[in-house]
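Below is one structure; the comments refer to it alone.
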There are 6 protein chains.
Amino acid sequence: MRLLSRIRSLRRPLLEATAHCDLPCGVYDPAQARIEAESIKAIQEKYQANEDPEFRTRALLIKEQRAELVKHHLWVLWTDYFKPPHFEKYPELHDLFNRATKAAGAAGAKGSMDPAKGQELLDLIAQIDKIFWETKQAA
Amino acid sequence: MRLLSRIRSLRRPLLEATAHCDLPCGVYDPAQARIEAESIKAIQEKYQANEDPEFRTRALLIKEQRAELVKHHLWVLWTDYFKPPHFEKYPELHDLFNRATKAAGAAGAKGSMDPAKGQELLDLIAQIDKIFWETKQAA
Amino acid sequence: MRLLSRIRSLRRPLLEATAHCDLPCGVYDPAQARIEAESIKAIQEKYQANEDPEFRTRALLIKEQRAELVKHHLWVLWTDYFKPPHFEKYPELHDLFNRATKAAGAAGAKGSMDPAKGQELLDLIAQIDKIFWETKQAA
Amino acid sequence: MRLLSRIRSLRRPLLEATAHCDLPCGVYDPAQARIEAESIKAIQEKYQANEDPEFRTRALLIKEQRAELVKHHLWVLWTDYFKPPHFEKYPELHDLFNRATKAAGAAGAKGSMDPAKGQELLDLIAQIDKIFWETKQAA
Amino acid sequence: MRLLSRIRSLRRPLLEATAHCDLPCGVYDPAQARIEAESIKAIQEKYQANEDPEFRTRALLIKEQRAELVKHHLWVLWTDYFKPPHFEKYPELHDLFNRATKAAGAAGAKGSMDPAKGQELLDLIAQIDKIFWETKQAA
Amino acid sequence: MRLLSRIRSLRRPLLEATAHCDLPCGVYDPAQARIEAESIKAIQEKYQANEDPEFRTRALLIKEQRAELVKHHLWVLWTDYFKPPHFEKYPELHDLFNRATKAAGAAGAKGSMDPAKGQELLDLIAQIDKIFWETKQAA
């Protein structure tokens with residue numbers, strides 16, 4: 001991992017490391033959303049493996065928070081990073097983001113403790129990640 | 001917009017009064033975003049009329065918060081309220097929401113103290129508001 | 001209350017549409033508190049109609065957040081909008097706000113999943129709403 | 001106020017140390033509001049002694065947060081701790097809380113960098129503190 | 001701990017009453033962490049005495065918030081108040097803070113509804129409190 | 001990047017992707033702190049290149065938020081991820097985390113708009129990152 005991490009940091013400017021503030025500072029990365037989604041799936045798996053009511057209530061409220069973060073990180077990418085030329089080149093992008101944020105909501109990973117819902121969310125984020133890095137290389 | 005607002009309030013049940021939680025509780029209303037946008041424009045106007053540096057700094061940080069709320073409320077409508085049939089009937093809806101949230105961000109009302117930027121945001125929200133209530137009546 | 005709401009919306013400028021920031025931007029409206037209270041009652045009703053433990057836990061934690069927002073919005077009106085002349089003209093106003101915020105707390109809508117508690121809160125907010133718009137017209 | 005504080009601490013059980021959650025957990029103390037107010041006055045004094053624009057902007061945004069906390073802690077005491085019998089015994093209590101929260105807002109310590117405004121807020125909190133501990137002893 | 005608390009309050013200026021902002025305003029006090037920990041223990045005791053599922057869910061989510069606050073207040077003391085000379089004089093301080101914050105987390109008071117876990121946390125905070133006031137007197 | 005990203009995900013379990021919730025979900029990664037620190041340095045650079053007072057105020061308040069996040073992410077790693085055996089094997093770890101969180105605070109990147117302060121913070125996080133991944137491989 002360390003080696004890969006080093007190689008990676010040599011290939012891309014560190015400023016491409018993530019997405020957040022709306023100064024904007026100019027750093028964006030779908031990893032933020034993916035990481036929270038990984039957490040969601042992990043929480044769902046731990047929930048299924050533990051029937052203690054106190055643990056389950058804590059898992060539900062913490063997953064609620066992580067799912068809200070996934071929605072936020074995806075919304076930030078959709079509004080702050082992607083520009084008109086991107087949406088022209090990738091006509092499915094609007095729908096992809098809409099389905100991904102819905103998959104992080106009540107009808108998806110936020111409302112369910114089924115790890116399969118967490119995986120569906122991860123798969124949609126992976127599609128966004130693929131397009132994101134294509135636009136980065138094209139830049 | 002005033003007129004639309006008046007007509008609308010004559011036909012809607014109170015439970016359709018706003019949009020928020022992702023239980024979901026089922027209540028949505030573009031008024032939440034519009035109200036924060038009205039606040040933004042009011043702050044921009046007060047900023048232009050007051051050169052006290054302390055007041056101006058407070059205005060900048062408070063407007064930052066309201067603009068973030070506008071983005072959030074619009075994102076909630078786009079992801080949680082609008083469904084595939086809506087996007088089919090209103091093909092411009094994705095782009096409209098993307099432009100409206102961008103207009104609430106750094107390149108728009110969040111990044112500027114010009115009331116004209118606040119008005120541009122209000123105009124885009126009014127377009128969303130119009131479509132929203134059309135879908136409510138169609139329901 | 002529906003009628004009051006309709007009449008009111010026919011006479012108020014949009015900038016009077018809501019209450020929030022403490023710049024202050026000058027916009028106030030009991031609708032913010034009422035809307036969260038409507039959400040609370042809707043959550044209580046959905047809770048009574050759904051025995052799924054995961055759904056019920058989510059309903060409890062989300063209602064907790066909405067109830068806290070009701071208290072906040074009412075406190076903002078009581079402190080930031082209402083001035084000494086108002087309290088002189090409406091001697092019951094202090095007590096009314098105190099009872100309303102208590103009705104949104106642990107002994108009321110926050111602590112209970114009974115929709116009747118949500119309605120009690122809505123009724124108190126309606127009384128505040130009536131006085132609020134009377135002061136607006138007197139202004 | 002120093003003296004009152006010393007006397008008080010000699011007679012109260014630790015569980016009476018502060019006020020916060022709305023379970024409720026049952027612990028309340030005006031110290032929470034007073035402490036944030038002390039911070040506000042300290043920030044105002046540091047602001048007056050430092051003309052660096054970056055420092056002053058940081059002081060303004062941090063004081064904004066502390067002032068909001070003062071309002072919140074006072075509102076919690078007014079709604080969650082004080083009951084009807086208290087308001088009957090102390091008829092000035094509603095007005096005192098209203099003036100204290102106003103003194104923490106835009107027209108007072110939140111809107112000004114004058115330490116005198118911070119002191120005015122502290123004096124009002126001291127009056128609330130005195131009544132609070134009288135009710136605790138009467139309990 | 002009661003005694004220490006009493007003695008301490010007899011010798012400290014009010015401005016030393018608590019720890020928070022990172023301007024910094026210069027006010028610090030372990031009381032902030034201790035107070036939240038007292039709340040945690042009170043919630044744990046109320047939870048054990050009440051089998052109502054709605055009450056218990058509310059107790060779990062509220063305790064989660066208070067436990068996070070304890071961790072935050074302790075982290076602030078460890079990073080913002082204590083300086084290299086303190087860590088030299090009290091070599092166990094790093095470990096003490098690490099154990100105390102762990103005791104407020106999932107393996108301790110945050111993850112358990114056993115009041116004994118709340119007491120363990122309070123005991124560790126008392127050790128930090130003792131060292132804190134020694135450094136204050138040495139200053 | 002995509003390729004590296006794929007290779008990386010083949011070599012390590014995705015659950016090692018980041019650190020956050022205190023269920024705990026079990027995912028930790030110093031990248032969270034590093035990413036916010038990258039943002040801080042970018043904001044400091046943009047601040048130096050832009051003398052517009054409105055932009056500078058926004059940069060100051062946004063950097064304040066990112067710096068607080070860096071401190072939080074580092075505190076989470078120090079308390080939630082690292083265990084006694086780690087501190088025995090890396091005796092400098094406590095001091096390293098204390099210096100890194102101080103470097104993200106008022107005396108460091110939070111209090112200064114000098115990109116050099118942002119770089120100092122990044123260098124300390126890199127040292128933590130190195131130790132973190134060594135412990136991951138040893139696991």
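Below is a table of values for the structure above.
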| item | result |
| --- | --- |
| Copies compared at B:Ala49 - label distances in nm, ascending, label defined 7 Å from Cα in the Cβ direction | 3.8, 3.8, 4.7, 5.5, 6.2 |
| Given charges at Cβ of Lys, Arg, Asp, Glu: chain C dipole, positive-most of C:Ala106, C:Cys25, C:Phe55 | C:Cys25 |
| Unit charges on C-beta of K, R, D, E only; dipole of the range A:93-139, Debye | 120 |
| Using alpha-carbon coordinates, inclination of helix E:53-76 to the longest axis of chain E, degrees | 10 |
| Charge dipole (debye, nearest 20) of the range F:27-138; +1 at Cβ of Lys and Arg, -1 at Cβ of Asp and Glu | 120 |
| Shielding by partners, peptide E:71-78 (average Cβ within 10 angstrom, other chains) | 4 |
| For the protein assembly as shown, size of Cβ-based charge dipole, Lys and Arg +1, Asp and Glu -1, in debye | 20 |
| For A:33-43, mean number of other protein chain Cβ atoms within 10 Å | 6 |
| At 7 Å out from Cα toward Cβ: F:Lys136 inter-copy label distances (nm, ascending) | 1.6, 4.2, 4.9, 4.9, 5.5 |
| Cα centroid separation, the range C:42-76 to the range D:87-116 (Å) | 31 |
| Helix-only [θ]222 nm of chain A, DSSP H runs n ≥ 4, -39500 (n - 2.57) each, per residue, nearest 500 | -22000 deg cm²/dmol |
| Pseudo-label separations to other copies for B:Pro84 - Cα-to-Cβ vector, 7 Å, nm | 3.0, 5.6, 5.6, 6.3, 6.3 |
| Neighbour-count ranking [beta-carbon atoms within 10 angstrom, fewest first] of C:Ile40, C:Ile128 | C:Ile128, C:Ile40 |
| Placed amide H near F:Gly105: partners under 5 Å, 5+ positions off or other chain | F:Lys110 |
| Total lysine pairs under 26 Å (Cα atoms) in the range B:50-118, excluding pairs fewer than 8 apart on one chain | 13 |
| Among B:Leu93, B:Leu121, B:Leu74, residue whose mean-square fluctuation peaks in a GNM of chain B (springs only between Cα atoms under 10 Å) | B:Leu93 |
| Per-selection Rg to Rh, the protein assembly as shown - Cα, Kirkwood hydrodynamic radius | 0.94 |
| Average Cα contact separation per residue, chain F, under 8 Å, 6 or more apart, as relative contact order % | 28 |
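Only the coordinates and a few stated rules stand behind these numbers; no lab work does. Please read all numbers here as calculations on a predicted model, not as lab measurements. Methodologically, a virtual Cβ is constructed for each residue, glycine included, from the backbone with ideal geometry; neighbour enumeration extends over all protein chains shown.
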